[in-house]
Each structure stands twice: as C-alpha cells, then as structure tokens.
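Just so it is clear, none of the values below were taken in a lab; they were calculated from the coordinates. Worth saying up front: this structure is predicted, and the values here are computed from it rather than measured. All Cβ positions, even for glycine, are placed from backbone atoms using ideal geometry, and neighbour counts span all protein chains on display.
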Amino acid sequence: MTEITHYRQTWTHRTPRARLLLWTGWAALVALFLWCWQVMTENTIWAFVWDAPRQAADIGSRMMPPRLSYLPELMVPLWDTLNIATLGTIAGVIMAVPVAFLAARNTTPSTRLLRPIALFIIVASRSINSLIWALLLVAIIGPGLLAGIVAIALRSIGFVGKLLYEAIEETDARQIEAIEATGASATQVLSYGIVPQIMPAFWGISVFRWDINIRESTILGLVGAGGIGLKLQASLNVLAWPQVTVILLLILGTVVVSEWVSASVRKAII
Amino acid sequence: MSDKTYPTTWRRPPQIVADRRWRIALQLGILAYLVLAMGSVEVDWQRVSVGLERGQRFIMGFLQPDFTSRWNDISRGLVESLTMTLTSTVVGVLVSVPIGIGAARNLAPAWIYYICRSIIAVSRALQEVIIAIFLVAMFGFGPFAGFLTLSFATIGFLAKLLADDIEEIDEAQAEAIRATGASWWQLVNYAVQPQVMPRLIGLSLYRLDINFRESAVIGIVGAGGIGATLNTAIDRYEYDSAGAILLIIIGIVMIAEYGSSYLRKFLQ
C-alpha cells in the first residue's frame with residue numbers, strides 16, 4: 001500500500017529559499033542603484049536641473065516658427081549624408097564578408113588562429129560607435145565626406161560580420177554535404193552550397209544596416225565628418241534655433257523614409 | 001519511348017530579380033548612382049597623406065596605450081559612464097514597463113495604445129546624440145543630462161520590444177486566467193508577466209550593454225562620461241591616452257557581452 005502524502009493547501013510559485021534569494025537580489029540591485037545615483041549626481045548643479053522647464057520653454061519658443069527658407073540650402077548636405085550612408089554600407093559589407101567567413105565555425109580555415117582574430121575584429125568594430133570612429137578619422141584624414149564614409153564602413157563590419165557569420169553557422173549541413181558528395185572543390189561548395197543559403201540573410205542584413213547607417217550619418221557632421229550634421233552643428237553654434245528645427249524635421253523625415261524602404265525591401269526578400 | 005535530351009551544362013537560376021531586363025536596369029541604375037556618389041566625394045589627398053603619419057601614430061598609441069598619465073581623468077570618466085549606464089537602465093526599464101503594457105493592443109484600450117505607441121515612435125526616431133544636445137542645453141553639462149538621454153532612449157527600445165512580445169503571448173493562458181474571473185491586474189500578473197519576464201530580463205541586460213556603448217558617445221556633446229575624456233584626448237593629439245580609453249571601452253563591452261549572455265542562460 002502506498003502512503004498518502006499531504007501537500008500544502010496553498011500553492012506558491014517558489015520555494016521559500018528561492019524567494020529569499022530573489023528578494024536579496026532585488027534589494028542588492030536597489031542598493032547598487034542608490035549608490036550609483038549618489039556617485040553620479042555628486043557634481044550635479046541642482047539649480048540648473050530645477051531651471052530646466054523654463055529653459056525648455058525658452059528654447060521651444062525660439063525654435064518655433066521653423067525657417068523653411070533654409071530648406072533649399074540643406075539639399076546638398078542631405079545628398080552627402082545619403083552618400084556617406086550608402087557608400088559606407090557598401091564598403092563595410094565588402095570588408096565584412098571575408099571576416100564573417102573566417103569567423104563562422106563551419107567555414108573558417110583555422111579555429112585556433114584566424115577565428116579569434118576575426119571575432120576580435122567584430123567585437124572591436126561593434127563596441128566603438130561610428131561617431132567615435134568619425135572623431136578619430138577626422139583627426140587622421142581630415143574633415144570631409146571620406147572620414148564619414150570610412151567611419152560608417154568600420155562600424156558596419158562588426159554588425160554585418162556578426163549577423164552574417166551566425167547565418168553561415170546556421171546553414172543546412174545536408175545541402176553542403178550533397179554538394180560535397182558530387183566531388184565539388186572547396187570553392188564550388190562555397191558557391192553552390194553555402195552562398196545560396198545565406199543570400200536572403202545577406203541582403204536583409206545589408207539593407208537593415210543601411211537603414212541604421214542613414215540614422216547615424218545624419219549626426220556624423222557634429223564632429224566634422226560631412227553631411228547634414230555639419231549644418232546642425234553650424235546652426236547650433238550660432239544659436240539659430242529656427243534653422244535647427246528645420247534640420248531636425250528633415251532628419252526625422254529621412255529616417256522615416258529610410259526605415260520604410262528598408263522594411264519593404266526586407267519583406268520582399270525574406 | 002521518347003528520347004529526351006537534357007542540357008549538359010547547368011546554370012544556377014537567378015535568385016532575387018527573376019526578369020533579365022529588370023536585372024540589367026537595376027544594375028545600370030546602381031552603376032549610375034555609384035558614379036554620381038563617388039563624384040560628390042572630394043578628397044584632399046595632400047591632407048590624407050599628411051594625416052597618414054598621424055594615423056600611424058594613432059596605431060602606435062593603440063599598440064602602446066598609456067593608461068597612467070591621464071588616469072585621473074580616465075577613471076572619473078569611467079565612473080561617470082558606468083553609474084550613468086546603470087541608473088539610466090534601471091529608470092528606463094521601470095518607465096518602459098507601463099508604456100510597453102499600454103502599447104500592447106491586447107491589453108490596453110485604443111486611446112492608451114495610440115498615446116504609448118507615439119511616445120515609442122518619438123523616442124526611437126530621435127538619435128541619442130540629438131536628444132543629448134537638447135538635454136545638455138536644458139539641464140547643464142554633466143552626467144545628469146546623459147542619464148536622462150539614456151533613460152529616454154531606453155524607453156523607445158524596451159517598450160517597443162516588450163509591447164510586441166506581449167502582443168505575441170499565448171492567448172490560451174490568458175484565456176484560462178480570464179476564465180477564473182481574474183481582474184485586469186491579475187491577468188497581467190498571472191498570464192502575461194510569466195510569459196514575457198525571461199525575455200524582459202534578457203532585453204534589459206542587452207540594453208545595459210547598449211547604454212554603456214552610447215554613454216561613450218554622448219560625452220562628445222557634453223553629457224558626461226568617458227566620451228568627454230576621449231574627445232579631450234583626441235583634441236590634444238594624445239593618441240596613446242585615446243588608445244587606452246578605446247581599449248578600456250572594448251574590454252568593458254566584451255565583459256558585458258559575455259557576462260550578459262552567461263546571466264541570461266542562468267536565468268532562463
């Protein structure tokens with residue numbers, strides 16, 4: 001005969017021990033937050049903070065009738081911005097493809113040496129924002145479009161490389177084996193077994209990155225790398241707030257359009 | 001039996017644009033654009049060749065980073081960046097949870113849905129750096145403006161993903177809770193929260209990582225953090241210090257990435 005076990009009448013989600021651990025974790029997070037807050041606001045001048053609503057109203061009133069006559073002057077910088085984003089994306093993608101093949105576990109020639117190097121390139125490129133790349137490149141190759149293009153390209157390597165190598169690792173091994181079984185050479189396996197499988201992902205990633213790059217290239221001008229950001233910086237420097245409004249509206253419009261383009265292209269491909 | 005001949009060579013069928021004429025038109029269009037775009041890039045090669053020497057010095061600085069001589073500034077920038085990252089992520093998550101619930105079509109009435117979705121759209125459309133410029137103008141220089149910027153940016157990111165996630169929950173579970181006569185709060189707590197919590201934690205950790213990277217950028221426009229230190233170092237042509245700062249940023253991002261993926265595995 002089996003003995004009847006009595007269970008507790010009320011159901012609880014966790015054991016008391018797990019609950020205690022959970023609450024300790026939350027308390028630790030709150031304590032850490034408070035401590036960080038203390039450290040961060042040590043040098044904050046609170047008078048400025050309390051003054052902010054008045055400042056906001058002031059800036060808002062200065063911005064308000066946007067100077068639409070400024071718009072024609074912005075068309076060339078806008079064209080430059082689009083070029084920075086597009087050429088930067090193309091250059092970045094071209095550099096990212098070999099890195100992705102070196103980083104993917106199933107295509108890399110050596111897991112010991114080349115794969116870690118490729119992974120480091122990806123992490124280094126991903127962790128440094130394009131604005132910082134632009135800051136460096138403006139110092140090195142001088143202000144202008146080229147610095148912006150190279151900055152966007154360097155930043156894109158990591159993003160495209162990471163997503164692409166994950167796509168390569170997820171390819172269907174059976175198709176590759178079928179190609180290998182026909183006696184295909186390594187390059188033939190690559191071009192008939194792997195490339196067709198990653199092509200949709202490749203175009204999707206590239207267009208997605210292009211969309212992000214349009215966003216990022218609008219501000220690269222703040223550090224002198226050309227495009228519409230240069231006009232923004234110039235207008236901010238002379239406190240021409242009505243012009244700032246026009247520029248911001250234009251940036252917003254560009255971002256919305258590029259997002260729409262990228263979304264519809266991706267929908268068509270995938 | 002009919003003797004059918006098969007072609008002896010095989011050509012891979014085109015993969016994206018099937019029509020040949022469209023393909024050619026597309027290629028010509030791309031070519032024309034590239035020529036136009038390349039033409040608009042003016043490169044001052046003299047300036048570039050002068051700059052290459054500087055680039056060499058920068059690479060040397062990257063290989064032999066100087067952590068010590070500016071350590072006070074670097075450590076202050078780092079502390080600002082790290083504290084800013086944590087506080088803004090916590091505040092951003094706390095604010096984005098109600099907005100995310102409000103922006104989920106299956107939980108909120110239409111008018112709340114539209115308000116929350118428009119907050120998200122505004123936050124996502126504006127660049128962090130642009131928000132930072134305005135907040136610095138309003139709240140003064142320093143990490144407080146940076147904290148507000150990152151919190152605002154976190155809302156757009158997290159609330160959108162959370163709302164999309166809530167809209168995709170398993171309706172059967174929500175139906176079961178509703179059938180017990182549960183109120184709206186109980187529905188959220190017992191049907192929605194258990195389904196989205198693991199992903200919310202994962203996204204928050206990911207955002208923590210993003211916020212650190214962004215905190216390095218918004219310092220350039222005066223919002224505190226390591227970006228301000230980096231900007232100063234580059235302006236002074238102190239490439240060895242700049243190299244040290246960049247290496248620190250890369251190191252912390254790597255630690256955060258591995259740490260958060262480990263933590264997510266542990267939590268799920």
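Summary of computed values
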{"read-out": "Order of A:141, A:90, A:149, A:247 - criterion: other Cβ atoms within 10 Å of each residue's Cβ, fewest first", "value": "A:90, A:141, A:247, A:149"}
{"read-out": "Check: chain B dipole with +1 on Lys, Arg Cβ and -1 on Asp, Glu Cβ, in debye", "value": "660 debye"}
{"read-out": "Pairwise Cα inverse-distance average, inverted: Kirkwood Rh of region B:1-131 (Å)", "value": "23.3 Å"}
{"read-out": "Anisotropy class of chain B from Cα gyration tensor, a/c 1.5 cut", "value": "oblate"}
{"read-out": "Most positive-pole-ward Cα, A:201, A:227, A:86, against dipole of region A:76-269 from beta carbon charges", "value": "A:227"}
{"read-out": "Under the Karplus curve 6.51 cos²θ - 1.76 cosθ + 1.60, θ = phi - 60°, whole-Hz ³J(HN,Hα) for region A:89-104, x wherever Gly or Pro sits", "value": "5, 4, 4, x, 5, 4, 6, 6, 4, x, 4, 5, 5, 6, 8, 6"}
{"read-out": "Exposure proxy ranking, count of Cβ atoms within 10 Å, fewest first, for A:155, B:199", "value": "B:199, A:155"}
{"read-out": "Residue order, fewest to most beta carbons within 10 Å, for B:208, A:220, B:135, B:36", "value": "B:36, B:208, B:135, A:220"}
{"read-out": "Förster radius 22 Å - calculated FRET efficiency between residue B:235 and residue B:60, Cβ distance, rounded to 0.05", "value": "0.75"}
{"read-out": "Prolate/oblate/rounded label for chain A (Cα gyration tensor, a/c 1.5)", "value": "oblate"}
{"read-out": "Region A:76-269, dipole about Cα centre (Lys/Arg Cβ +1, Asp/Glu Cβ -1), debye to the nearest 20", "value": "260 debye"}
{"read-out": "Net charge dipole size for the protein assembly as shown [Lys, Arg +1 and Asp, Glu -1 on Cβ; Debye, nearest 20]", "value": "480 debye"}
